[in-house]
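Q: Mind having a look at this structure? Questions to follow.
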């Protein structure tokens with residue numbers, strides 16, 4: 001559960017995008033996997049949007065995402081500004 005709550009916000013911050021983190025609940029019939037639900041949405045700052053879904057029952061959550069946040073975060077943190085796509089050519093050339 002610790003990693004579940006850490007990894008998705010970190011990915012949202014590192015990539016400056018929204019994340020919908022989806023996880024089912026219960027135990028898988030053919031295995032010992034215990035799924036802990038708690039699906040959630042996170043913004044590009046790594047903050048959860050609203051409360052997470054149930055950790056005990058199936059639940060669908062819907063959130064309104066303010067897409068203007070993307071431009072604001074990308075302008076403030078400027079990770080995209082500092083990219084060098086011109087230097088990627090040798091890495092992706094056939």
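Q: Which residue out of 37, 20, 89, 31 is modelled with pLDDT under 95 and touching a strand residue (DSSP E or B) at 6+ places or on another chain (Cβ under 7 Å)?
A: Numbers: 20 fails: modelled with pLDDT under 95; 89 fails: touching a strand residue (DSSP E or B) at 6+ places or on another chain (Cβ under 7 Å); 31 fails: touching a strand residue (DSSP E or B) at 6+ places or on another chain (Cβ under 7 Å).
Of the residues listed, the single one that is modelled with pLDDT under 95 and touching a strand residue (DSSP E or B) at 6+ places or on another chain (Cβ under 7 Å) is 37.
Q: Test residue 38 against the criterion of being outside any helix (DSSP H, G or I), in contact (Cβ under 8 Å) with a residue 24 or more places away in the chain and on the phi > 0 side of the Ramachandran plot, and give yes or no.
A: So residue 38 passes the test.
The values are calculated or read from the model by the stated rules, or taken from the named source; none is laboratory data. On a predicted model such as this, the values are computed, not experimentally measured, just so you know. Don't worry about glycine lacking a Cβ; one is built from the backbone with ideal geometry, like all the others, and counts go over all protein chains shown.
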